[in-house]
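The values are calculated or read from the model by the stated rules, or taken from the named source; none is laboratory data. These figures come from a predicted structure and were not determined experimentally. Here Cβ is always computed from backbone atoms with ideal geometry, including for glycine, and neighbour counts include all displayed protein chains.
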Amino acid sequence: MTALAGKKGLVIGIANRDSIAWACAKALHAAGAEVGATWQNDKARPHVEPLLDEIGATLRLPLDVQDDGQMQALFDAAATRWGRLDFVLHAVAFAPRADLQGRVVDSSREGFALAMDISCHSFLRMARLAEPLMAAGGSLMTLSYLGASEVMPHYGIMGPVKAALESSMRYLAAELGPSRIRVNAISPGPVRTRAASGIASFDALVADSEQRSPIAGALLPEDVGPLCAFLASDGARAISGCTLYVDGGHHILN
């Protein structure tokens, strides 16, 4: 595949071999893109760097999205190395366990604000830094979930936070569209990742999806990667402001 030959971009949020962000990075690389990526902290680095070796990622830096200095350093490095960006994938989300597993009405002010900052506003900050590097246009992508538009059992405050993320995506699409910058959200169904294990009764969500989705069966991170690669390609040059589902059709069920 050469649909992304010559394109260069960043994947933010690879945690380990099972993460959706890693499946997307592999798909982008396989389509011909040069991919830069990050690890969250020193604890995550040993799990991420060997993966970056597999795709020949030469731009690799730590990134805690709450550290403005680290984020600026990442985009400065992209500017220095490539002079531009063609795509950015934001695959970062977090909520304190007590707030995630409790009722929304009982969520703490601090927990809600933290989840919103890391999972939503960090995407806006990345978009702001990416904009001047996308003078010829580009693709900004983020990961969402059906809980943004439907009440999903045990999804807690991440439902309102992902709703804010999807709304932010649409506003970014409107604001950046004149610069030929496309902004979209990818909404996978429940995929067994280490990050998802923090959601209470996640196995029940997976079982429901596998049994009731029109295209039945387990969803894998690798099911998401090809859509990410397509959205980064020129074939998606007129697609913006959309939430695109990779869930076997589960989102059409009530």
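See the values below:
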| read-out | value |
| --- | --- |
| Arg84 closer than 24 Å to Leu124 by Cα, in contact (Cβ under 8 Å) with a residue 60 or more places away in the chain and surrounded by fewer than 21 Cβ atoms within 10 Å (Cβ to Cβ) | yes |
| Residues that are surrounded by fewer than 23 Cβ atoms within 10 Å (Cβ to Cβ) and either under 19 Å from Gln101 (Cα atoms) or modelled with pLDDT under 85 (or both), drawn from segment 172-198 | Arg192, Thr193, Arg194, Ala195, Ala196, Ser197, Gly198 |
| Answer residue from segment 55-81, given it is surrounded by 14 or more Cβ atoms within 10 Å (Cβ to Cβ) and among the β-branched types (Val, Ile, Thr) and is nearest to Glu34 (Cα to Cα) among those | Ile55 |
| Meets criteria (more than 24 Å from His251 (Cα to Cα) and among the charged types (D, E, K, R)) for Arg128 | yes |
| Residue list for segment 97-114, filter: more than 15 Å from Lys162 (Cα to Cα) and free of Cβ contacts under 8 Å to residues at least 40 places away in the same chain | Ala98, Val105, Asp106, Ser108, Arg109, Glu110 |
| Per-region count, segment 1-20, residues within 12 Å of the chain's Cα centre (by Cα) and not hydrophobic (A, V, I, L, M, F, W, C) | 2 |
| Selection status of Gly147, within 22 Å of Pro96 (Cβ to Cβ), modelled with pLDDT under 95 and in a helix (DSSP H, G or I) | yes |
| Selection from segment 26-57 of residues that are within 19 Å of Met134 (Cβ to Cβ) and among the aliphatic types (A, V, I, L, M) | Leu28, Ala31, Ala33, Val35, Ala37 |
| Complete set of residues in segment 16-39 that are surrounded by fewer than 19 Cβ atoms within 10 Å (Cβ to Cβ) and part of a loop (DSSP other than H, G, I, E, B) | Asn16, Arg17, Asp18, Gly32 |
| Meets criteria (aromatic (Phe, Trp, Tyr), crowded, with 22+ Cβ neighbours inside 10 Å and at pLDDT below 90) for Tyr155 | yes |
| Residue list for segment 150-168, filter: touching a Leu at 6+ places or on another chain (Cβ under 8 Å) and either in a helix (DSSP H, G or I) or within 19 Å of Val65 (Cα to Cα) (or both) | Met158, Ser168 |
| Residues that are over 14 Å from the mean Cα position of the chain (by Cα) and farther than 30 Å from Leu205 by Cα, drawn from segment 133-170 | Leu133, Met134, Ala135, Ala136, Gly137, Gly138 |
